[in-house]
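Okay, structure first, notes after.
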Amino acid sequence: MPDSPERIPYVLIGSPAVRHIAIHDRMDGYAILWACAKAQEFIPARLVTGAPQPTSNNHMREQPLPDPKRFNSLRERIGYWETVLELNDPEIQLGAAVCAALNSYLHLIQQSSVAAQPKEFIRIITESAREWAEECFS
């Protein structure tokens, strides 16, 4: 998902990005970065604001959350985004993992002639995922 100026500001979650969250306030962008950094398992995220480089949450992994006495509204926003994004929900995490796996092979997937037929494309991917899961857990 390329960084495009017409979609600024936004947060990209995952690496490769599996979620795109448009934001209206920069504080929300930083809150999402913190929420992803403090999730049960670290989730990489980038805040894109039009600056030359997006802001990453990699440096937030080991840092404590901002002081609630000085940054109470930011702490509240972090909690809000943790809830809204359901970062620790196993179904959300599994869906993100599947998207990441498919994104890894996107160039190969797009070369398929079926890619131009959305309903057939979705059917084949769905059946393939079901068969793969059944074989893994049988």
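The values are calculated or read from the model by the stated rules, or taken from the named source; none is laboratory data. It should be emphasised that the depicted structure is a prediction, and the values quoted were computed from it without experimental measurement. Neighbour counts are summed over all protein chains in view; Cβ atoms, including those assigned to glycine, are modelled from backbone coordinates with ideal geometry. Surface accessibility is based on the protein's heavy atoms, side chains included, excluding ligands, DNA and RNA. Shrake-Rupley method; radii C 1.70, N 1.55, O 1.52, S 1.80 Å.
Annotations for the structure displayed:
- Selection count where residues are among the small types (Gly, Ala, Ser), outside any loop (DSSP other than H, G, I, E, B) and open to solvent by less than 20 Å² (accessible area, probe 1.4 Å), scope segment 33-56: 3
- Contacts under 6 angstrom Cβ, first residue in segment 39-62 being among the hydrophobic types (A, V, I, L, M, F, W, C), partner at pLDDT 90 or above and assigned to a strand (DSSP E or B), 6 or more apart: ALA45/VAL11; ALA45/ILE13; LEU47/VAL11; LEU47/THR55; VAL48/TYR10
- Selection status of GLU120, modelled with pLDDT of 85 or more, open to solvent by 50 Å² or more (accessible area, probe 1.4 Å) and charged (D, E, K, R): yes
- Residue match in segment 93-112 (condition: among the polar types (S, T, N, Q), surrounded by fewer than 11 Cβ atoms within 10 Å (Cβ to Cβ) and farther than 30 Å from ALA31 by Cα): yes
- One residue stands out in segment 57-83 among those that are outside any loop (DSSP other than H, G, I, E, B) and open to solvent by less than 70 Å² (accessible area, probe 1.4 Å): the one that is modelled with the highest pLDDT, namely MET60.
- Checked against the criteria, GLU86 counts as open to solvent by less than 90 Å² (accessible area, probe 1.4 Å) and either at pLDDT 75 or above or more than 30 Å from GLY29 (Cα to Cα) (or both).
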